[in-house]
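K.L.:
Take this structure first; my questions come after.
The values are calculated or read from the model by the stated rules, or taken from the named source; none is laboratory data. Keep in mind that this is a model prediction, so the values were computed, not measured. All Cβ positions, glycine included, derive from the backbone under ideal geometry; neighbour counts span all protein chains shown.
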There are 2 protein chains.
Amino acid sequence: MAAEAETKALPIRDAEGALLSAFVERVTTAIESGEKDLVLRAVGDLHESDSGDLIEALDPDLRPRLVELMGSAFDFTALTQVDDAIREEILDELEPETVAAGVAELDSDDAVYLLEDLTRDEQTEILDKLPAPERVALERSLLYPEESAGRRMQTEFISVAPFWTVGQTIDHMRETDDLPERFYEIYVVDPAHKLIGTVSLDRLLRTKRPISISELVDKNHRSVHATDDQEEVARFFERYDLIAAPVVDDDGRLVGVMTVDDVVDVIEDEADEDLKALGGVRSAEELSDSVLYTARSRFPWLFANMLTAFLSAFVISRFEGSLEKMVALAVLMPIVASMGGNAGTQTMTVAVRALATQELGRSNAWRIIRREVSVGALNGLAFALIMGSCAAFVFSNPGLFVVMALAVITVLTAAGLGGILIPLGLEKLGVDPAVSSGPFVTTITDVVGFFSFLGIATLYFHLG
Amino acid sequence: MAAEAETKALPIRDAEGALLSAFVERVTTAIESGEKDLVLRAVGDLHESDSGDLIEALDPDLRPRLVELMGSAFDFTALTQVDDAIREEILDELEPETVAAGVAELDSDDAVYLLEDLTRDEQTEILDKLPAPERVALERSLLYPEESAGRRMQTEFISVAPFWTVGQTIDHMRETDDLPERFYEIYVVDPAHKLIGTVSLDRLLRTKRPISISELVDKNHRSVHATDDQEEVARFFERYDLIAAPVVDDDGRLVGVMTVDDVVDVIEDEADEDLKALGGVRSAEELSDSVLYTARSRFPWLFANMLTAFLSAFVISRFEGSLEKMVALAVLMPIVASMGGNAGTQTMTVAVRALATQELGRSNAWRIIRREVSVGALNGLAFALIMGSCAAFVFSNPGLFVVMALAVITVLTAAGLGGILIPLGLEKLGVDPAVSSGPFVTTITDVVGFFSFLGIATLYFHLG
């Protein structure tokens, strides 16, 4: 895709966007030689995302050495693009002076991103080495709650008074050196620095110089609060197709700007979290984690599942007598439970996702509950016919049709009900439904599945 | 959050961002009165996302009536914000003239979004009523493959020649009426309309009027091809934190612009698809779908699962003799299979997600395969001890420790191996691993689970 840098001699990515191993090897050799010039030539003029991927592809020992060898040529923004574990490893290895010098060059949002995972002591050690204005701005951002707009915002922005003209504003921008790297709108504030409104750059460009800013200002601006959660902010950006939004404090004073690139990362992260949570994996799990760490982090979910499986086993054990008299039941019972588990997962997936995107709420909850139960009952009916016929045919026992059919209808209806009620209930209790719904839904479908099948069989065939 | 429109009298959303039912009722009453003025007053000056949500909240019969009553005051962009099924219903109800008039007002990307789901005849009927330049642009966009950059791009953009000055460019923008609604960069093209590079608006604003555009142009621009898949484009935007990117055809001619707001929707949609696919739900399933439609669309996944469950049942039936002699095995076997299923899902979730985000590729596949198998074996060992002890204790049979422990290690290791190899294999075959991995992984863990547990028990206790 990319009609990339025409000035660059060698390609660094293949057609699918993966980093070329030839490029990684070239850099590895250069680092091992220990010569700064060789490294700089091998690395070239990389975008931060490319150097982030390069760092991840390097041998762990070589990563801090790359940063040290590159010196001031290394853009610390690259470290915001690598896995958390890798970033912490590198920052641990580097001298605090090196880190401070790198952080000083960063936009404030990137600097906060690097600092926030460090311990209080490590943060202080680095912050103390920064110039006062930057230190104060970073300290203030770090005071906001984790994952809030205050942590993700940039504190570099352009604000002007409403009585300025377009010409004055443009001249101001031409003469100021300390501008944000990229920006899309400017902000109009009153003398107390309270936000009045925004002016987009295209609006500014299209207006003649003598016009006053107060005539251009969009007072219908959409702003966020510094304490708003990043996920709320992301939904807000998405809903109104925003590129940037001013961030205000409790008094309505402009304290920063959130931009869409941060929001894209948040959306990606939140989708990632929900998906992993539903699959029983911690959201922080990364491909670079070690075997031991990964095994330990996945243990609790498996342990919870083991407890629900023990519960199912207990239900089954109540029917040992029936199973001894009719071993066909042992063969068929896992099918019933498995169908229930899958139907429950379907409903739960839809519910968890709709809750996350705020499509499911109080206004339509009842309609969706009714729909899910009806869908479960309807597919229950369909599979009752199919699976009942198969069971009766294979074991040449017509009674198995009745038992299987009734059990399948019961479990698929219960799956629909449990699959929607459990996420809704957990959300109401303030528990993340993506993380916790799975084991509960499985428990319901397994217990209902085994109990209904074995119970109905015991009654029907008088096995009790 | 939103310091929303200060001019608006009544709030339309609650604190969590959900539409207020009082607002929906007010609009409903106004539509039922059939008076245009009442409707316009009730609806007010809504953002397209708000009117999209309003339309979804209305009774289906009232939706087309709202559009008709509002007349030219209705912004068709709102229809890009509602579920597909609802959009198609509304477009079906409206007169082609009404739709054509609405489409004519849209940005080209929104117009294509509305038109692409209609039949060829319906498209032609509407396109024929549009002015020639717009019709041609839309027809050209519709020729690009579905879900390509060509479908998602805006064909409105500003292009200038490299020999223009900053002053000329700004004057041109001030004098042209037909500019895109919002834009963030302008494009520099040669006489054949081939893309030379981009100039960001902030760069333009910061530069003095007599400077030539050729001095500002960023030739390192990152462009996409009109035939590129939207998911590739989204990864590209995400990797390089882009706000907009020029879209070029096979000859390098500038044909449109992709903007980040479309990319945010793509990222959200793709995450949605992966999540739903893993949960066994079609990506197109929406909350507004009917019971019958939903039940039918979920049937195939349940059917596939039934086949794998039959396979497990077949494996169990091979051990009927063992089960008759020792009914404890029937009680314990579902636990083993269930642990395997859950461990397999964990690995599969990580693999599917990493493949989607291109974090998993040829360069690290072997390392991840080794890691997943090791994680499976390690947790297998841990659960072997726990579950073996429990089984031996509950049934007062020390031999069950050995049988359970060996089976658990086997199935968790197999789950790690299957959970990673199946998504990798499907990806290699060009099949979407998110959609198809589940049933295969479950088959492996179920079959290995039942076979290893019952097989080892048969050998150990001489039940054969």
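One line per residue, one yes/no per condition, for (1) at the interface with chain B (Cβ under 9 Å from one of its Cβ atoms); (2) part of a helix (DSSP H, G or I):
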site: A:D251; (1), (2): no, no
site: A:V257; (1), (2): no, no
site: A:D269; (1), (2): no, yes
site: A:R282; (1), (2): no, no
site: A:E286; (1), (2): yes, no
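K.L.:
Is it the case that the stretch A:36-55 has a residue that's assigned to a helix (DSSP H, G or I), under 13 Å from B:S363 (Cβ atoms) and within 11 Å of chain B (Cβ to nearest Cβ)? Can you show your working first?
P.N.:
Restricting attention to the stretch A:36-55, the residues satisfying the condition of being assigned to a helix (DSSP H, G or I) are A:36-43, A:48-55.
Cutting the leftovers down to under 13 Å from B:S363 (Cβ atoms) gives us A:53-54.
Checking the rest, the ones that are also within 11 Å of chain B (Cβ to nearest Cβ) come to A:53.
Scanning the stretch A:36-55, I find at least one residue that is assigned to a helix (DSSP H, G or I), under 13 Å from B:S363 (Cβ atoms) and within 11 Å of chain B (Cβ to nearest Cβ), so the answer is yes.
K.L.:
Pick out the one residue from A:L201, A:L242 that is surrounded by 20 or more Cβ atoms within 10 Å (Cβ to Cβ), within 25 Å of the chain's Cα centre (by Cα) and either assigned by TED's automatic domain parsing to the domain that holds A:E105 or closer than 30 Å to B:E175 by Cα (or both).
P.N.:
Testing whether each residue is surrounded by 20 or more Cβ atoms within 10 Å (Cβ to Cβ), within 25 Å of the chain's Cα centre (by Cα) and either assigned by TED's automatic domain parsing to the domain that holds A:E105 or closer than 30 Å to B:E175 by Cα (or both) leaves just A:L242.
K.L.:
Within the stretch B:366-389, does at least one residue satisfy the condition of being within 25 Å of A:L287 (Cα to Cα), buried (at least 24 other Cβ atoms within 10 Å of the Cβ) and of a type in the set (V, I, T)?
P.N.:
Yes: the stretch B:366-389 contains one or more residues that are within 25 Å of A:L287 (Cα to Cα), buried (at least 24 other Cβ atoms within 10 Å of the Cβ) and of a type in the set (V, I, T).
K.L.:
Can you find, within the stretch A:45-61, the residue that is surrounded by the most Cβ atoms within 10 Å (Cβ to Cβ) among those that are in contact with an Asp or Glu (Cβ under 9 Å, 6 or more places away or on another chain) and closer than 21 Å to A:D269 by Cα?
P.N.:
So, considering only residues that are in contact with an Asp or Glu (Cβ under 9 Å, 6 or more places away or on another chain) and closer than 21 Å to A:D269 by Cα, the one surrounded by the most Cβ atoms within 10 Å (Cβ to Cβ) is A:S51.
K.L.:
How many of the residues in the stretch B:213-240 are in contact with a helix residue (DSSP H, G or I) (Cβ under 6 Å, 6 or more places away or on another chain), at the interface with chain A (Cβ under 7 Å from one of its Cβ atoms) and among the small types (G, A, S)?
P.N.:
0
K.L.:
Among (1) under 27 Å from A:I267 (Cα atoms); (2) outside the structural domain of A:L242 (by TED's automatic domain parsing), which single condition is A:P131 missing?
P.N.:
(1)
K.L.:
Taking the condition closer than 24 Å to A:L114 by Cβ and under 25 Å from the mean Cα position of the chain (by Cα), does A:G52 pass?
P.N.:
yes
K.L.:
Only one of A:A42, A:A104 is touching an Asp or Glu at 6+ places or on another chain (Cβ under 9 Å) and small (G, A, S); which?
P.N.:
Exactly one residue qualifies, and that residue is A:A104.
K.L.:
Right, something else. Report, by residue number, each residue of the stretch B:405-420 that is among the hydrophobic types (A, V, I, L, M, F, W, C) and under 36 Å from the mean Cα position of the chain (by Cα).
P.N.:
Correct list: B:V411, B:L412, B:A414, B:A415, B:L417, B:I420.
K.L.:
When you go through B:R209, B:R182 one by one, which is the residue that is under 30 Å from the mean Cα position of the chain (by Cα) and either assigned by TED's automatic domain parsing to the domain that holds B:I267 or modelled with pLDDT of 85 or more (or both)?
P.N.:
B:R182
K.L.:
Only one residue in B:D261, B:D274 is within 30 Å of A:V266 (Cβ to Cβ) and either in contact (Cβ under 8 Å) with a residue 24 or more places away in the chain or buried (at least 23 other Cβ atoms within 10 Å of the Cβ) (or both). Which one?
P.N.:
B:D274
K.L.:
What number of residues within the stretch B:305-355 satisfy the criterion of being touching a residue at least 40 places away in the same chain (Cβ under 8 Å), among the β-branched types (V, I, T), at the interface with chain A (Cβ under 7 Å from one of its Cβ atoms) and farther than 24 Å from A:F303 by Cβ?
P.N.:
1
K.L.:
I'd like the full set of residues that are surrounded by fewer than 21 Cβ atoms within 10 Å (Cβ to Cβ) and out of contact with any Asp or Glu (no Cβ under 9 Å at 6 or more places or on another chain), limited to the stretch B:62-84.
P.N.:
The answer is B:M70, B:G71, B:A73.
K.L.:
Is there any pair with a first residue in the stretch B:158-174 that is free of Cβ contacts under 8 Å to residues at least 40 places away in the same chain and a second that is among the aromatic types (F, W, Y) and surrounded by fewer than 18 Cβ atoms within 10 Å (Cβ to Cβ) whose Cβ atoms are under 6 Å apart and which are 6 or more apart or on different chains, and what are they?
P.N.:
From the stretch B:158-174, no pairs qualify.
K.L.:
Name the residues in the stretch B:225-251 that are β-branched (V, I, T) and over 13 Å from A:G17 (Cα atoms), would you? Steps first, please.
P.N.:
Taking the stretch B:225-251 and keeping what is β-branched (V, I, T), we get B:227, B:233, B:243, B:247-248.
Within the stretch B:225-251, B:T227, B:I243, B:V247, B:V248 qualify.
K.L.:
Right, something else. Does A:L204 satisfy being at the interface with another protein chain (Cβ under 10 Å from one of its Cβ atoms) and over 21 Å from B:E48 (Cα atoms)?
P.N.:
Here the answer is yes, as A:L204 does meet what is asked.
K.L.:
Let me ask another. Which of the helices (runs of 4 or more DSSP H) found entirely inside the stretch B:79-124 contain at least 1 residues meeting this: assigned by TED's automatic domain parsing to the domain that holds B:F183?
P.N.:
It comes to none.
K.L.:
Starting from the stretch A:72-88, keep only residues that are under 14 Å from A:D45 (Cβ atoms), then list their pairs with residues that are surrounded by fewer than 17 Cβ atoms within 10 Å (Cβ to Cβ) whose Cβ atoms are within a distance under 7 Å, requiring at least 6 positions of separation or different chains.
P.N.:
A:A73/A:L40
K.L.:
Name the one entry in B:A434, B:A414, B:A337 that is crowded, with 21+ Cβ neighbours inside 10 Å and modelled with pLDDT of 95 or more. I'd like the intermediate steps shown before the answer.
P.N.:
Numbers: B:A434 fails: modelled with pLDDT of 95 or more; B:A337 fails: modelled with pLDDT of 95 or more.
When all the criteria are applied, what remains is B:A414.
K.L.:
OK, next. Which members of the stretch B:148-188 meet the condition of being basic (K, R) and either more than 9 Å from every other protein chain (Cβ to nearest Cβ) or in contact with a helix residue (DSSP H, G or I) (Cβ under 6 Å, 6 or more places away or on another chain) (or both)?
P.N.:
If the condition is that a residue be basic (K, R) and either more than 9 Å from every other protein chain (Cβ to nearest Cβ) or in contact with a helix residue (DSSP H, G or I) (Cβ under 6 Å, 6 or more places away or on another chain) (or both), then B:R151, B:R152, B:R174 are the ones that fit.
For (1) modelled with pLDDT under 90; (2) in contact with an Asp or Glu (Cβ under 9 Å, 6 or more places away or on another chain); (3) surrounded by fewer than 21 Cβ atoms within 10 Å (Cβ to Cβ), each residue gets a yes or a no:
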residue	(1), (2), (3)
A:P246	no, yes, no
A:G252	no, no, yes
A:E286	yes, yes, yes
A:A295	no, no, no
A:R318	no, no, yes
